[in-house]
1. How would you order 471-478, 424-431 from highest to lowest mean count of nearby Cβ atoms within 10 Å?
2. Given a cut-off of under 8 Å on Cα pairs at least six residues apart, what relative contact order in percent is computed for region 149-330?
3. Kindly put Val605, Val402 in sequence by how many other C-beta atoms sit within 10 Å of each C-beta, fewest to most.
4. Evaluate E = 1/(1 + (r/R0)^6) for Tyr413 and Ala570, where r is the Cβ-Cβ distance and R0 equals 56 Å; express this FRET efficiency to the nearest 0.05.
5. Simple spin-label model, 7 Å along Cα-to-Cβ: Thr293 to Lys119 in nm?
6. Report the full-extension gain for the segment Gln255 to His458: residue separation times 0.36 nm, less the Cα-Cα distance, to one decimal in nm.
7. Just to verify a number: FRET efficiency for Leu223 and Lys528, C-beta to C-beta distance, R0 = 60 Å, to 0.05?
8. Which distance in Å, rounded to a whole number, links the C-alpha centroids of region 394-432 and region 286-361?
Amino acid sequence: MTKLQHLLPALLLFTVSIFTSTDSAHAAEANWWDAKWTIRKKIDIDTTGKGVAIAEPIGTSAVLVRLHEGVFSFMSSKEDGSDLRFVADDHKTLLKHHVEKWDSLLNEAYVWVQVPDLKPASATSIWLYYGNTEAGAPEAAKETYDANTTLVYHFADASKAGTDSSPTGANAEGTPPPAAGSLIAGGLRVFGQTAIKVPAPPFPEFAPGAPLTVSAWIKPSALQPNAVIFSRRDGANAFMLGINNGIPFVEINKQRSSDGAPIAAGGWHHVAAVADAGTVTVYLDGKSYGALTAAMPSIKTPAEIDKDTSPAAGSLVGFTGEIDELQVAKTARPAGFIRFAAVNQGTTADAAKLLTLGSDEASDHEEEGEIMKHLSLITDISKDLTFDGWIVIFLCTVLAIVGWVIAAGKILYLNTIEKASKEFIKRWEKISSDLTAIDTEDDKSIESVGGNVSSKTHKLMRQSPLYQLYHLGAQEISSRMKSFRKVTFNPQEKKEAKAMGLSGRSIQAIKATLHGGMVREVQKLNGKLVFLTIGIAGGPYLGLLGTVIGVMITFAVIAKSGEVEVNSIAPGIAGALLATVAGLAVAIPALFIYSYLSSRIKDVVSDMETFIDEFVTKMAEHYKE
């Protein structure tokens, strides 16, 4: 009784979990952005201490998402990545993005995604969707950046290395072919010989006193004095971002920012200059590095990258090394923005902590078959099931579980019997030609069917009902023959005593004993099958009871409310009929299993009857009266 008390709550939880798990699956599917996209992946951006701690404001940012074979299934996406879509955590808002590089041969991609209003010291999640072969082209690159971004050079496209990805469209002139294997896809390998021109217009002017942000990734191949990375001159007014013997600096009208610790050659570093309210702050790898007290001058002329070709350049030289991801904005980016960009775009261990990609989640929408549709419909119907109906379904679940457990055990038992009987028959065929071989003083001869068998084989044979009948009959013969033997060590007398037979009454008595043993074996075979018959007979009645109660309650509610509509009647009736479905779901499998088991049990019984007849015949033949 104690075991049953523990089992019933467990069964109830099992029954409820079937529907709650399905409801959870539907809740997850309800959050699916678009059923045409069959795969999605969660992307977490963590600016707390668990990721990379950023305490200063960040704001809207273009986030770099690196995809490679370890985190992304390129085989499931389109060849050019045009089926990529990024969605906010509300599962509704489509985020603007563009692909800088997509290489389906090397299985790597670099994608920029605009994430609005990133918060410091918080976790933000977005979703990457793909797996739609019919998807059109992705969003335009220029829409990825906000209106304050005036220049973005990725230097990745071999045919358009100087393409401006910002809304400005100021494509650079004289850009050399990009160098493969740079920090982010491609980059520029420069030697300080030729300047890259940024035309103005469309590149907007620098207004006097206006805010400005200029940033770039640099990898100096050697430490040079006064090397120019980005410059813009208009008469006496000049703005310059450069590096002097490993010390990044910003210079405005010949005023240079304070120095910091120099960097070494041969490594990638993020350099940024932010002008705001008469002060220019220099950042190195996302941290404040130097400062200059000066306001931005008015400059309307084109800008130059890698070299200052103006006669006023003086001792300035061109930068030698690699440049990647040059960006200019007509606003003062906050310190958190600069820090986020330096970590996110870099390749340090912090980059993996800041942005993590989850595992793929597959949608069943597109591949949902008729069976899944029916199951989904049944789940919706179950929401209108009354408490009485749930009780009925719980009882049906109990019957189903008990029935299946018994059926599984019975099938295993019958399989063991079949195997054991085959092993026994092999030995019976040998001993049946001379049944007197088991008539010895040694009981081991009976146990081993007149021969030597291993303990494993003997243990297996004991599972056979035929062996049990044989053992029963052999013991009956042995006990009767012992009364005829003389206690002597003379082998000749023993042989003569052994030759004595059995009377007709003794044979009939042994036959009756064998039939009694068969009855007990049949009882073992049929044991607990009654639970299957209960499921067959009781399941439909339980279901009918639940349906009748559900219909009765539905009509009672309609009578009280006075609303006689299909929408008010149908859900209650459908929920009530679910109880009948549950009852039939118990009875139909139980009926098939019971028929199968009954057929196999009949075969075993037939084998036992045949064996008894054969045993009695052999016994009468070898023990003649």
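Just so it is clear, none of the values below were taken in a lab; they were calculated from the coordinates. Being a predicted model, the structure only gives us computed values, none of them experimental. Every residue, glycine as well, gets a Cβ built from its backbone with ideal geometry; the counts of neighbours run over all protein chains shown.
1. Details: 471-478: 19.8, 424-431: 16.5.
Answer by packing, highest mean first, reads 471-478, 424-431.
2. Working: 538 pairs, mean separation 57.9, N = 182.
Worked out over region 149-330, it gives 32 percent.
3. Details: Val605 16, Val402 19.
The order, fewest Cβ neighbours first, is Val605, Val402.
4. Working: r = 47 Å, r/R0 = 0.84.
FRET efficiency, Tyr413 to Ala570: 0.75.
5. Placing both labels 7 Å beyond Cα along the Cβ direction yields 3.8 nm.
6. On the way: separation 203, 0.36 × 203 = 73.08 nm, distance 10.13 nm.
Here the answer is 63.0 nm.
7. The calculated FRET efficiency here is 0.10.
8. Spelled out, the Cα-based centre of one part sits 76 Å from the other.
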